[in-house]
Amino acid sequence: MTVCFFSIFGVAFGLRQMVLSRFWFGWWGVKLIALFNLLACFGWAAANIIVGAQLLHAVNPRVPGWAGILVIASATLLVTFFGYRIVHVYEKWSWIPTFIVFLVVLAVLVRSGDFVQVPMGHGHAEMGAVLSFGSTVFGFGTGYTTFAADYTVYQPSQLPRTRVFLATWLGILPTLLFTEMLGAALGTTVRLNAENNSYQQGYDDSGVGGLLGALLFPHVGGFGKFCMVILALSIVANNCPNVYSVSLTLMVLGRWTERVPRYVWTVIATVVYVAIAIPGYSEFEAVLHNFMTFIGYWLAIYEGIVLTDHFVFRRGFSGYVPEEYNQSDKLPRGIAALLAFLCGVVGMVTGMSQSWYVGPIAKYAGVAPTGGDVGFELGFAFSAVAYCILRPLERWVVQKVRPD
C-alpha cells in the first residue's frame, strides 16, 4: 500500500521519490535517506542477480556464478542505459514469458505429487516464527517504496489518484502473492521428501536454481532448461528499477552529482552491485534474509515519519508547494525527522530478532533465544509517535529564531 500511495506523488507533482523526501527530511536530512536508499538498491540488485546466476549454473554447471552475474548485469545495463522510456517498454512486455514459465513450474509441481501440505502448529514458537518470517515478507513487499514516484512522473497530472493507487496495487499485490506462495510451495519439497533427496541436493548445489532444476529437468527435460534460462533473464526486469533509481537517488546528495550524466551513474551502479554479488554468491541465503529484514526495518521508519507528516501536519496533498523542492530555505529543517528516525532505530533494535542480536521486546514475542521479530512494527510506531511530538517543537523553535 505504501508503494501504491507514493506512486500518486509522482503523478501529482512530477517529482522523484528522493526529491519528494526533501519535503519531509529537509535539504540536508534527505541525504541520509538517500544513502540508505542506495544501499537498498545495491542490495536488492545483488540479491536478485545471484538468483539469476544460480539458475544459469543449474542449467549448465560449467557456467560459474560470476559468469552468470556478468551476463545478467550486462543485459540489465543495456536496458537501463537508455533511460526511463526504454525501461517502461521492457517492463511492459517482459512479464509475459516469465508468467508462462511460472505456470509451467506450478503445473509440474502439482503433477509431481511432491508438495505436501503440513498443518501448522500453535504456540510461542510458531508465533515467533511467523513474526520473523513476516518481517522478511514485509521487507520484500515494501522494498519499492523509496523509488515508487520515480516511475509515475510522466503520467498525466490530471489522472485520478484512486486510479493510480489501484493500478499500482493490481500490478504489485497479485504478483507478490503468486510468486511468494509458489516459492513457499516449492520450498516445502526440500524438507518434506526425505525419500527424494534430489531437491535438497539441487538446492545445495545451485540454490534456488538447483531446486527448480530438480523439479523441472526430470519431468520436462530440455524444455525445463529453456524455462530456467527465461527465468534467469527475467532478473533483468527485476533489477531495472534498482539500477535506474540509483542515478536518481544520487542527484540529491549534492550539486556536483547533478552535473554527472545519468548513464554514467548507471554504469557505476552496475559495477558496485556486481562487486557485491560475486563474493555474496556462495552465502546467498543468509545474506538475502538479513538484507530483506534490514529493508523492512528502515523503510518502516521512513514510512512512519512520512505518513505522519502527510496526514497529520500537511493534511493531504494541498499542504505541499511543489515549486519549493529545490529551495533549501523553504524546506523543513529536517531536525525533527532525523531525531524521529533515531527513535525509530531504538524501536527497531528493541524489537529485532537476528542471529547476531535479539532485542528485549523480541524475546517476549517468541521462544528464547530467537524470539519473534517485531522490529519493523516498533520502528514504525516509535518514529511516528516521536515525529508527532518533535515536529511541532521544531516549528516553534524555527518560528522563534526566524519569524516570517
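The values are calculated or read from the model by the stated rules, or taken from the named source; none is laboratory data. Everything numeric in this text was worked out from a predicted model, so none of it was measured. Because the Cβ atoms are built from the backbone with ideal geometry, glycine has one as well, and the counts that use them run over all protein chains shown. Note: areas computed on protein heavy atoms with side chains; ligands, DNA, RNA excluded. Shrake-Rupley method; radii C 1.70, N 1.55, O 1.52, S 1.80 Å.
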Quiz prompt | Odd one out for PRO322, checked against (1) in contact with a Phe, Trp or Tyr (Cβ under 6 Å, 6 or more places away or on another chain); (2) over 21 Å from GLY134 (Cα atoms); (3) modelled with pLDDT under 90 | solution = (3)
Quiz prompt | PRO218, sole failed condition from (1) assigned to a helix (DSSP H, G or I); (2) of a type outside the set (Gly, Ala, Ser); (3) touching a residue at least 40 places away in the same chain (Cβ under 8 Å) | solution = (3)
Quiz item: So which of GLY375, GLY347 is farther than 14 Å from PHE133 by Cα and not polar (S, T, N, Q)?
Solution: GLY347
Self-check item: Flag if ALA67 is at pLDDT below 90 and either open to solvent by less than 30 Å² (accessible area, probe 1.4 Å) or hydroxyl-bearing (Ser, Thr, Tyr) (or both)
Solution: no
Exercise. Name, by its number, the condition in (1) out of contact with any His (no Cβ under 9 Å at 6 or more places or on another chain); (2) more than 19 Å from VAL374 (Cβ to Cβ) that does not hold for THR142.
Key: (2)
Exercise. With the condition kept exactly as written, say whether any residue in the range 377-396 is in a loop (DSSP other than H, G, I, E, B) and either surrounded by 22 or more Cβ atoms within 10 Å (Cβ to Cβ) or at pLDDT 85 or above (or both).
Key: no
Quiz item: Out of the range 373-390, which residues are aliphatic (A, V, I, L, M) and in contact with a Leu (Cβ under 8 Å, 6 or more places away or on another chain)?
Solution: VAL374, ALA384, ALA386, LEU390
Quiz item: Can you pull out the residues in the range 45-102 that are in a helix (DSSP H, G or I) and of a type in the set (Lys, Arg)?
Solution: ARG85, LYS92
Quiz item: Yes or no: VAL153 open to solvent by 60 Å² or more (accessible area, probe 1.4 Å) and either of a type in the set (D, E, K, R) or farther than 30 Å from GLY351 by Cβ (or both)?
Solution: no
Quiz prompt | Test result for PHE115, within 28 Å of ALA40 (Cβ to Cβ), open to solvent by 40 Å² or more (accessible area, probe 1.4 Å) and not β-branched (Val, Ile, Thr) | solution = no
Exercise. Would you mention how many residues in the range 83-94 are surrounded by 15 or more Cβ atoms within 10 Å (Cβ to Cβ) and touching a residue at least 40 places away in the same chain (Cβ under 8 Å)?
Key: 5
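Quick grid of which residues meet (1) on the phi < 0 side of the Ramachandran plot; (2) assigned to a helix (DSSP H, G or I); (3) free of Cβ contacts under 8 Å to residues at least 40 places away in the same chain; (4) within 24 Å of the chain's Cα centre (by Cα):
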site: PHE165; (1), (2), (3), (4): yes, yes, no, yes
site: TRP169; (1), (2), (3), (4): yes, yes, no, yes
site: PRO174; (1), (2), (3), (4): yes, yes, yes, yes
site: MET181; (1), (2), (3), (4): yes, yes, yes, yes
site: TYR199; (1), (2), (3), (4): yes, yes, no, no
site: SER206; (1), (2), (3), (4): yes, yes, no, yes
site: LEU212; (1), (2), (3), (4): yes, yes, no, yes
Quiz prompt | Residue satisfying all of: in the range 118-150; of a type in the set (A, V, I, L, M) and either closer than 30 Å to PHE9 by Cβ or outside any helix (DSSP H, G or I) (or both); most open to solvent (accessible area, probe 1.4 Å) among these | solution = MET120
